[in-house]
Amino acid sequence: MKKNILVVDDSALMRRVICDIINSDSGFQATDTCRDGLEAYEKLCQKAYDAVVLDVNMPRMNGLELLERLQKRKYKSNSSNGQYINDRWS
């Protein structure tokens, strides 16, 4: 089963390149993309992903602000190990 990845970057070109790289591996699939952290946060509240590829500098909400918000919310990924994001980067 492929791992579902969310790609977040304000550059359409970078989103495309990152998705192409992810999709070139049979074990992963870039299932959704977002233009900024706020859009990604809204999507993450609705759907679980196995991983998120995240740009740092973006409008409205940057990548670090998104990570901080997810840590406060104790966002749980879809991955089989069941770790919380704040456990991974602590």
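Values computed for the structure shown
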| quantity | calculated |
| --- | --- |
| Residues satisfying the stated conditions in the stretch 1-35, i.e. surrounded by 14 or more Cβ atoms within 10 Å (Cβ to Cβ), without any contact (Cβ under 8 Å) to a residue 12 or more places away in the chain and of a type in the set (S, T, N, Q) | ASN23 |
| One residue from ALA30, ALA48, ALA40 being in a helix (DSSP H, G or I) and under 10 Å from the mean Cα position of the chain (by Cα) | ALA40 |
| Sole exception among (1) in contact with a Ser or Thr (Cβ under 7 Å, 6 or more places away or on another chain); (2) modelled with pLDDT under 90 for ASP50, by number | (2) |
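The values are calculated or read from the model by the stated rules, or taken from the named source; none is laboratory data. Bear in mind the structure is a predicted one, so any value in this text is a computation, not a measurement. Note that each Cβ is placed from the backbone with ideal geometry, even for glycine, and that neighbours are counted across all protein chains shown.
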